[in-house]
Every structure is written in C-alpha cells, then in structure tokens.
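These notes are about the structure you will find just below.
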Amino acid sequence: MKKILILVLLSVTLVNCSSNQKTTTAVPDVPKYINSITAEELRTHLSIVASDEMEGRNTGSEGQKKAGRYLIKHYQDNGIPFPKGANDYYQKVPSEFMKKGFSPKLNDSENIWAFIEGSEYPNEIVVVSAHYDHVGIKNDEVYNGADDDGSGTVALLEIAQAFQMAKNDGFRPKRSVLILHVTGEEYGLHGSRYYTENPLFPLKNTIADVNIDMIGRHDDLHKEDSKYVYLIGSDYLSTDLYNLCEEANKKYINIALDYKYNDKKDPNRFYYRSDHYNFAKNGIPSVFLFSGVHADYHKATDEVDKIEFDALAKRTQLAFAFAWEIANRDKRLVVDKKDE
C-alpha cells in the first residue's frame, strides 16, 4: 500500500512539473543584448579598422582587404556564419561593374556578409548595412575615415554579436538577419547596387534595410549634446517602419530622433547618398542612421581620437533595437507608400 501511495504522489509531482514547464514561456532579455554593445568594444574595433595599417580602405586596395579580413575573423571567432547559399564571407564585386566616367579605375573588391538565420520566417531577410571602404591615401596622407564609415563598420560587428548572443541564449530572431558590409560607396554606392542587382536572397523577401553611415560624431547643429541621431527615410515607404523606429527608441534607448534631413527637398540630398537608397529604390523599407557632417568630413583628420564613443554606442544600440524589432514582429512591415 505504501508503494502504491508513493507511486501516486510521484505521478502527481511529475504531472505538476510538466504542467509548469508548459505554462512558463521564456522571453528574451533584450536589454541584455542591447547593453552588450559597448563603447569599449567599439573603440577596440575602430582603433584597428581605422588605423594607418588599413591604408584608408580604398575600394579594392590591399588595405581594404586587410580590414575585410579583420571583420571576417570577428565573425568566425564569435561563431557567426556566412549566409546559406554563399560559399564564403565574400560577395565579389568586379572592377568592371564599378566603372564610371568620372571615377578612377577601381580594383576588384568584395562585399562582406554574415548571417543570423531566423527561427519562424527564415526566408524573410532584414538587412543591416554599412560601407567599409573609404578613400585611401592622398598626397602621402592616410585618410582613415574613422567616422566615414569606420563608425558604421564597427557598429555592424557589435550588432551581429548581440544577435548571436540572443541566438546562443535560445532566442534566434523570427526573421533572418543579413549583416552586409558593402564596398565602393565612396565612388557611387557600387557595393549596395551590386548586391541589389545580384541579391543572394530575393528582394521580394527582403523586408527592410537598416543602414548606418557616420554615427560617431556630432555636427554644428548639436554642439551641446550628442544624444541624438538623424533618421532619414523611415516614413518614405512604410508607416510601420516609421512607427517601429519611434517606439523602439522610446522603449529601449530614448535619444532625440532628428528628422531635419528627412525632407526630400533638403539640398544635401542625404537620402540619395548612402547605401540604403539602393534598397529603397527597389521598394524595400529603409532607415538611414546618421549623425551629420563635420569639419573632418573626407579629410585626413577624420581620426579615431575624435570619435565620441558613448554616442556611437547609443546609436549602435538603437540600430540593433530597430533590427531586432523588425525581425521579431508578428507580421512583416507593410509597404503602404510609394517613394516618389
């Protein structure tokens, strides 16, 4: 009788444990992943990517290729693979594709990609992009491009690492995330144009691009406070994307979102001058994060020691929050506008 009673009690205990397991749903610790993006790690990466050793990362140069190898080693060291369907971390961009009448002849170059596969909608792709080229050496001076776009380049390293941390915790994003370092931006957005004309994943399944270009400094309009970022293009194609960016900022980061350059009539035409544009012109909702121009823009003085790393970290965290929310929505972003 005692044995029967013990067996009954054991059965009840097991049922209760099983029931509790079924009703307890783990949730991702998003602030943990956001806070894994740090000023210290960004400084470490940028001190290498924007060093004289990389010779200004001119498109197709040995210095750019050396920087590319550094990016790839970071992904390998963190267990972040290249995309399914690719043979390695490179998408080759031939010299002939980048030929333009007013530009110097460029050597063959490469886009570099890494990939976090989605759990529920793996065929839907969220692109996070930044260009890793700059303008090289001029008059024996190395143009290191710490802000342009070393800042975006190292932001991608940290964003990918944060997504991988979530994956390691058992929280892959619902949609796949393609980390895309593009080449040839300085000579005409060549790398992003090459990708969108030769996409690894169908553009119809590419639901958004979060593009990062120059987020490491402040401009003359924000001399007193670097707790801001310009957003460009978020409302051009998708009301969902605009709302998501506003809500993600309020939920996680809470810096000032400045829409000054979001006006298509703005004479600077920044919307057309970075790599998101090649996605947007193909009907893909895109948002461009940017902290504005400064006195060192396209000069040899755009150096690491002038980067505001706390501001760079906040803006990188915000870009991650955008990508995280886009990738984990129940439904993909709705395109409800035309980019005219």
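One residue stands out among those in segment 67-98 that are of a type in the set (S, T, N, Q) and in a loop (DSSP other than H, G, I, E, B): the one that is nearest to ASP149 (Cα to Cα), which is ASN78. Somewhere in segment 278-290, is a residue touching a residue at least 40 places away in the same chain (Cβ under 8 Å) and of a type in the set (Lys, Arg)? Yes, the conditions are met somewhere in segment 278-290. Across segment 237-272, the number of residues qualifying as touching a Leu at 6+ places or on another chain (Cβ under 8 Å), outside any helix (DSSP H, G or I) and touching a residue at least 40 places away in the same chain (Cβ under 8 Å) comes to 2. A Cβ distance below 6 Å, combined with a sequence gap of six or more or placement on separate chains, defines the contacts here; from segment 75-103, residues that are modelled with pLDDT of 95 or more reach residues that are open to solvent by 70 Å² or more (accessible area, probe 1.4 Å) in the pairs ASP88/PHE82; TYR89/PHE82; PRO94/ASP108; SER95/ASN107; SER95/ASP108.
For every residue, the table says whether it meets (1) in contact with a Ser or Thr (Cβ under 8 Å, 6 or more places away or on another chain); (2) open to solvent by less than 40 Å² (accessible area, probe 1.4 Å); (3) small (Gly, Ala, Ser).
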{"residue": "PHE115", "(1), (2), (3)": "yes, yes, no"}
{"residue": "ALA130", "(1), (2), (3)": "yes, yes, yes"}
{"residue": "ASP133", "(1), (2), (3)": "yes, yes, no"}
{"residue": "GLY136", "(1), (2), (3)": "yes, yes, yes"}
{"residue": "VAL142", "(1), (2), (3)": "no, yes, no"}
{"residue": "ARG172", "(1), (2), (3)": "yes, no, no"}
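Would you check if PHE279 is in contact with a Ser or Thr (Cβ under 8 Å, 6 or more places away or on another chain) and either part of a loop (DSSP other than H, G, I, E, B) or crowded, with 24+ Cβ neighbours inside 10 Å (or both)? When the stated conditions are applied, PHE279 passes them. Can you find a residue that is among the hydroxyl-bearing types (Ser, Thr, Tyr), outside any helix (DSSP H, G or I) and open to solvent by less than 10 Å² (accessible area, probe 1.4 Å) anywhere in segment 193-215? The answer is yes, given that some residue of segment 193-215 is among the hydroxyl-bearing types (Ser, Thr, Tyr), outside any helix (DSSP H, G or I) and open to solvent by less than 10 Å² (accessible area, probe 1.4 Å). Taking the numbered list (1) in contact (Cβ under 8 Å) with a residue 60 or more places away in the chain; (2) outside any helix (DSSP H, G or I); (3) crowded, with 24+ Cβ neighbours inside 10 Å; (4) touching a strand residue (DSSP E or B) at 6+ places or on another chain (Cβ under 8 Å) in turn, SER234 passes all entries but (1).
Just one residue in the set ASP263, ASP258 is within 17 Å of LEU312 (Cβ to Cβ) and of a type in the set (Asp, Glu); that residue is ASP258.
Looking only at residues in segment 20-44 that are open to solvent by less than 20 Å² (accessible area, probe 1.4 Å) and assigned to a helix (DSSP H, G or I), the one that is farthest from THR316 (Cα to Cα) is VAL30. Of the residues screened, LEU318 is not one that is open to solvent by less than 10 Å² (accessible area, probe 1.4 Å), more than 15 Å from VAL128 (Cβ to Cβ), touching a residue at least 40 places away in the same chain (Cβ under 8 Å) and outside any loop (DSSP other than H, G, I, E, B).
All conditions in (1) open to solvent by 10 Å² or more (accessible area, probe 1.4 Å); (2) touching a Leu at 6+ places or on another chain (Cβ under 8 Å) hold for ARG332, with the sole exception of (2). Of everything listed in (1) in a loop (DSSP other than H, G, I, E, B); (2) within 21 Å of the chain's Cα centre (by Cα); (3) closer than 15 Å to TYR33 by Cβ, the single unmet condition for SER119 is (3). One residue stands out among those in segment 90-113 that are within 19 Å of the chain's Cα centre (by Cα) and open to solvent by 20 Å² or more (accessible area, probe 1.4 Å): the one that is farthest from THR183 (Cα to Cα), which is TYR90.
The values are calculated or read from the model by the stated rules, or taken from the named source; none is laboratory data. All of these numbers come straight from a predicted model, not from anything done at the bench. Cβ: placed from backbone, ideal geometry, glycine included. Neighbour counts: every protein chain shown. Surface areas here come from the heavy atoms of the whole protein model, side chains and all, with no ligands, DNA or RNA. Shrake-Rupley method; radii C 1.70, N 1.55, O 1.52, S 1.80 Å.
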